[in-house]
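The values are calculated or read from the model by the stated rules, or taken from the named source; none is laboratory data. Computed from a prediction, not measured in an experiment: that's the story for all the values here. Heads up, the Cβs are rebuilt from the backbone with ideal geometry, glycines too, and the neighbour counts pull from every protein chain shown.
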């Protein structure tokens, strides 16, 4: 009789554990699904090129990185209240904004902060300028999203792809552009990636690392950098745009079949592969490998980028001409 009761208790406990696991998974998926609805009116915070995604660096990277020109304007993705604005040894100049949908966004490594704690901001307000402060290896914006609030452990972190739309390393993004619709396929893919990561942690699997290595191999196998689209803003000229992308006015005119130097606000210019003389460093790159890809030399790369050593970091942008 006692054995029978023990078996009943064990069976009951097992059933309870399985139910909790199932409900926990459903709850997590529901949380992922509501982010696109909460952020459907958001805009991209900066213009530049995606250089790193959420979940890389063995799962420790809790945001996305957008590399661009020094002092590129950084915009608030939506209206809200500035909860923090200070200098951090890791984040550098950083701004935190709490939004009406109970999400908090983080804008790090800024060159300058334009807002103070407690200040109300509107969507699109310039809250700072892109920089290379704190623990940073190149000029870029590190952008994070957290449910309710940011914490040191970052357990509330959300993949920005769910809010801003699917993207990939090397893809150009446009500041103030409305986010793309996040499809169910994207959510399912991210959900699967989360499940794989959890399984890897539990069983010591190296599948995720192998996937990253394969992606890096693919990136290194193709020396072509993506074409960049630039939307002309008020006050910009062909000369200022050419300087921003380290190219020439004639090259931009040729790429866009322009007959004069006159450009209008809102016009989208193609900064072609031949005109874009920048290379985004990926994991595994060396100055030697980049020199081979870009038909230059290590000495030229070091001179063009004021490098005193051969050390480079992922997401760093190098001039190649």
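In table form, for the structure just shown:
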read-out: Members of region 145-155 found to be within 17 Å of the chain's Cα centre (by Cα) and under 14 Å from residue 59 (Cα atoms), listed by number; value: 154
read-out: Residues being farther than 14 Å from residue 145 by Cβ and in a strand (DSSP E or B) - total across region 66-93; value: 13
read-out: Meets criteria (closer than 28 Å to residue 307 by Cα and touching a residue at least 40 places away in the same chain (Cβ under 8 Å)) for residue 170; value: yes
read-out: Residue that is modelled with pLDDT of 90 or more, under 22 Å from residue 134 (Cα atoms) and surrounded by 14 or more Cβ atoms within 10 Å (Cβ to Cβ), where the choices are 99, 93; value: 93
read-out: Count of residues meeting criterion [under 14 Å from residue 87 (Cα atoms) and touching a residue at least 60 places away in the same chain (Cβ under 8 Å)] in region 105-129; value: 1
read-out: One residue from 59, 48 being touching a strand residue (DSSP E or B) at 6+ places or on another chain (Cβ under 9 Å) and modelled with pLDDT under 95; value: 48
